Amino acid sequence: MSWEKNVRRVTPYVAGEQPKTAGVIKLNTNECPYPPAPGVREIAEKMNCGEFRLYPDMNAEKLVNALAGYYHVRPEQVFVGVGSDDVLAMAFMTFFNGEAPILFPDITYSFYDVWAALLRIPCRTCALDENFFIKKEDYFVPNGGIIIPNPNAPTGVFEDISMFGEIAERNPDSVVIVDEAYVDFGGRSAIPLIEKFDNLMVVQTFSKSRAMAGVRVGFAIACEKMIGYLKDVKFSFNSYTMNMPAIEMGTAAVLEDAYFKEIVGKIVKTREWTKGQLKRLGFSFGDSMSNFLFVTHEKVPAEDIFLALKEHNIYVRYWNKPRINNYLRITIGTDGQMQELVSFLENYLKER
Ligand code: PMP
């Protein structure tokens with residue numbers, strides 16, 4: 001057993017369930033209910049597999065250029081990775097090396113404290129207010145870095161981007177990361193702020209609004225210097241992370257803007273319809289700007305509803321954690337899926 005004392009022991013991140021059974025209504029991991037853009041599907045069909053014998057472009061230039069064009073930045077300000085989890089893990093490794101603790105909200109994406117533990121980064125959480133909003137003053141203290149999702153997960157709360165400018169301004173010695181995994185569903189991106197603040201980094205993903213969770217594409221946008229440091233760490237770890245299909249499909253997705261806007265629009269419309277229905281059934285929730293709702297019921301405990309839904313093959317997300325153990329996070333699916341959810345809840349709640 002002696003070798004075990006040198007093991008890097010960690011408690012891994014717990015992802016939402018990926019059930020293997022057919023016929024499940026899957027509203028538990030914030031995936032997109034629609035397929036990726038037609039151009040992405042064409043690439044999947046036409047991919048020249050002969051090329052797979054070669055290494056991919058380790059700079060993923062095509063994808064980087066497409067993103068730079070789309071977001072009106074220079075290619076040197078873009079970093080791509082295998083989903084935003086990869087980009088965020090690299091950013092933690094690159095930028096969070098101080099003695100002071102990094103800061104993030106107490107209710108947030110549960111991977112942050114896992115990376116902090118894995119990489120031995122001291123961290124401290126800042127409590128959200130009773131409506132799950134950030135108290136910006138909590139971030140005006142000495143720290144080793146800051147990460148905040150906007151909209152936040154799992155709450156769906158969107159904060160005005162001027163707050164991130166203020167936090168970046170008050171923390172010139174720290175890197176401030178805004179995790180914008182859900183920003184396309186009605187929020188506003190902090191990308192324009194990177195021109196002003198060289199310590200601000202924005203991270204986004206293709207997993208939600210671009211319907212490509214299975215392909216694994218994420219990216220960061222920041223000043224050239226920050227992206228340079230990020231690349232140095234990435235190329236010291238694993239150069240060829242972005243495979244050929246991911247680069248090609250990611251590029252096609254960025255270029256098909258009309259389709260992107262169409263599916264995002266549909267999800268937002270379905271979200272607003274679902275809000276009205278859930279309110280009628282006695283649920284309350286904040287004004288979500290994401291592709292999920294974070295809801296609590298006036299009478300019935302969230303865990304009971306979670307289990308009843310699961311029994312009925314409708315998967316949503318529940319955490320038995322302080323402050324959020326009476327909430328459910330429900331991903332917005334298609335109209336049909338949400339209608340099924342609502343009609344199940346209607347009957348279930350009547351019987352309680
Ligand atoms: N950030 C937040 C806030 C998330 O909820 C998720 C999804 N689990 C991610 C990042 C990572 O998504 P992906 O790695 O699929 O890009």
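The values are calculated or read from the model by the stated rules, or taken from the named source; none is laboratory data. Remember, predicted model here, so these are calculated numbers, not experimental data. In this analysis, Cβ positions are derived from the backbone assuming ideal geometry, glycine residues included, and neighbour counts consider all displayed protein chains. For the accessible areas, the whole protein counts, side chains as well, though only heavy atoms, and no ligand, DNA or RNA atoms are used. Shrake-Rupley method; radii C 1.70, N 1.55, O 1.52, S 1.80 Å.
Could you go through segment 13-25 and let me know if any residue there is in contact (Cβ under 8 Å) with a residue 60 or more places away in the chain, surrounded by 15 or more Cβ atoms within 10 Å (Cβ to Cβ), among the β-branched types (V, I, T) and more than 16 Å from the ligand (Cβ to nearest atom).
Yes, there is a match, as at least one residue in segment 13-25 is in contact (Cβ under 8 Å) with a residue 60 or more places away in the chain, surrounded by 15 or more Cβ atoms within 10 Å (Cβ to Cβ), among the β-branched types (V, I, T) and more than 16 Å from the ligand (Cβ to nearest atom).
Which condition from (1) within 16 Å of the ligand (Cβ to nearest atom); (2) on the phi < 0 side of the Ramachandran plot; (3) open to solvent by 10 Å² or more (accessible area, probe 1.4 Å); (4) not small (G, A, S) is the one that D232 breaks?
If we test D232 against (1) within 16 Å of the ligand (Cβ to nearest atom); (2) on the phi < 0 side of the Ramachandran plot; (3) open to solvent by 10 Å² or more (accessible area, probe 1.4 Å); (4) not small (G, A, S), just (1) comes out false.
Return the total of residues in segment 269-297 being in a strand (DSSP E or B), open to solvent by 30 Å² or more (accessible area, probe 1.4 Å) and of a type in the set (S, T, N, Q). So that I can check it myself, show each step before the final result.
Keep residues of segment 269-297 that are in a strand (DSSP E or B), which gives 283-285, 292-297.
Still in the list and also open to solvent by 30 Å² or more (accessible area, probe 1.4 Å): 284-285.
Filter again for of a type in the set (S, T, N, Q), leaving 284.
Result for segment 269-297: 1.
What are the residues in segment 211-221 that are near the ligand (Cβ under 10 Å from one of its atoms) and in a loop (DSSP other than H, G, I, E, B), if any?
Taking segment 211-221 and keeping what is near the ligand (Cβ under 10 Å from one of its atoms), we get 212-219.
Across segment 211-221, the qualifying residues are M212, A213, G214, V215, R216, V217.
Here is a check on your reading of the model: is F219 in contact with a strand residue (DSSP E or B) (Cβ under 7 Å, 6 or more places away or on another chain), buried (at least 17 other Cβ atoms within 10 Å of the Cβ) and not β-branched (V, I, T)?
Numbers: in contact with a strand residue (DSSP E or B) (Cβ under 7 Å, 6 or more places away or on another chain): yes; buried (at least 17 other Cβ atoms within 10 Å of the Cβ): yes; not β-branched (V, I, T): yes.
It is true that F219 is in contact with a strand residue (DSSP E or B) (Cβ under 7 Å, 6 or more places away or on another chain), buried (at least 17 other Cβ atoms within 10 Å of the Cβ) and not β-branched (V, I, T).
So that you can scan it fast, the table gives a plain yes or no per residue for (1) assigned by TED's automatic domain parsing to the domain that holds V176; (2) touching a Lys or Arg at 6+ places or on another chain (Cβ under 6 Å):
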residue: G16; (1), (2): no, yes
residue: P19; (1), (2): no, no
residue: E51; (1), (2): yes, no
residue: L54; (1), (2): yes, no
residue: V64; (1), (2): yes, no
residue: Y70; (1), (2): yes, no
residue: G81; (1), (2): yes, no
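Could you tell me whether segment 304-326 includes any residue that is surrounded by fewer than 19 Cβ atoms within 10 Å (Cβ to Cβ), more than 25 Å from L88 (Cβ to Cβ) and hydrophobic (A, V, I, L, M, F, W, C)?
Keep residues of segment 304-326 that are surrounded by fewer than 19 Cβ atoms within 10 Å (Cβ to Cβ), which gives 304, 307-308, 310-313, 319-323, 325-326.
Filter again for more than 25 Å from L88 (Cβ to Cβ), leaving 304, 307-308, 310-313, 325-326.
Remaining after also requiring hydrophobic (A, V, I, L, M, F, W, C): 307-308.
Yes, some residue in segment 304-326 is surrounded by fewer than 19 Cβ atoms within 10 Å (Cβ to Cβ), more than 25 Å from L88 (Cβ to Cβ) and hydrophobic (A, V, I, L, M, F, W, C).
Of the residues E159, E130, only one is of a type outside the set (K, R) and over 19 Å from the mean Cα position of the chain (by Cα); which?
Numbers: E159 fails: over 19 Å from the mean Cα position of the chain (by Cα).
Unique residue meeting the criteria: E130.
Mind checking which pairs have a first residue in segment 61-87 that is more than 13 Å from A220 (Cβ to Cβ) and a second that is modelled with pLDDT under 95 and not basic (K, R), Cβ under 9 Å, 6 or more apart or different chains?
none
Are any residues in segment 26-44 assigned to a loop (DSSP other than H, G, I, E, B), within 16 Å of the ligand (Cβ to nearest atom) and either free of Cβ contacts under 8 Å to residues at least 60 places away in the same chain or not aliphatic (A, V, I, L, M) (or both), and if so, which ones?
Once the filter is applied, which keeps residues that are assigned to a loop (DSSP other than H, G, I, E, B), within 16 Å of the ligand (Cβ to nearest atom) and either free of Cβ contacts under 8 Å to residues at least 60 places away in the same chain or not aliphatic (A, V, I, L, M) (or both), segment 26-44 yields N28, T29, N30, E31, C32, P33, P36.
Could we say that P151 is open to solvent by less than 20 Å² (accessible area, probe 1.4 Å) and either outside the structural domain of D287 (by TED's automatic domain parsing) or of a type outside the set (K, R) (or both) here? If you could, list the steps in order and put the result at the bottom.
Details: open to solvent by less than 20 Å² (accessible area, probe 1.4 Å): yes; either outside the structural domain of D287 (by TED's automatic domain parsing) or of a type outside the set (K, R) (or both): yes.
Against the criterion (open to solvent by less than 20 Å² (accessible area, probe 1.4 Å) and either outside the structural domain of D287 (by TED's automatic domain parsing) or of a type outside the set (K, R) (or both)), P151 qualifies.
Kindly provide the set of residues from segment 122-148 that are open to solvent by less than 10 Å² (accessible area, probe 1.4 Å), assigned to a loop (DSSP other than H, G, I, E, B) and touching a residue at least 40 places away in the same chain (Cβ under 8 Å), ordered by number.
Quick first cut of segment 122-148, residues open to solvent by less than 10 Å² (accessible area, probe 1.4 Å) only: 126, 128, 139, 145-148.
Right, trim to assigned to a loop (DSSP other than H, G, I, E, B) and you get 128, 145.
If the condition is that a residue be open to solvent by less than 10 Å² (accessible area, probe 1.4 Å), assigned to a loop (DSSP other than H, G, I, E, B) and touching a residue at least 40 places away in the same chain (Cβ under 8 Å), then G145 is the only one that fits.
Where residues in segment 182-205 are under 17 Å from Y109 (Cβ atoms) and either hydroxyl-bearing (S, T, Y) or assigned to a loop (DSSP other than H, G, I, E, B) (or both), which of them is nearest to the ligand (Cβ to nearest atom)?
Going residue by residue through segment 182-205, those that are under 17 Å from Y109 (Cβ atoms) are 182-185, 187, 190, 201-205.
From the residues that got through so far, the ones that are either hydroxyl-bearing (S, T, Y) or assigned to a loop (DSSP other than H, G, I, E, B) (or both) too are 182, 187, 190, 205.
Numbers: Y182: 7, G187: 12, A190: 14, T205: 3 Å.
Among those residues, the one meeting the criterion is T205.
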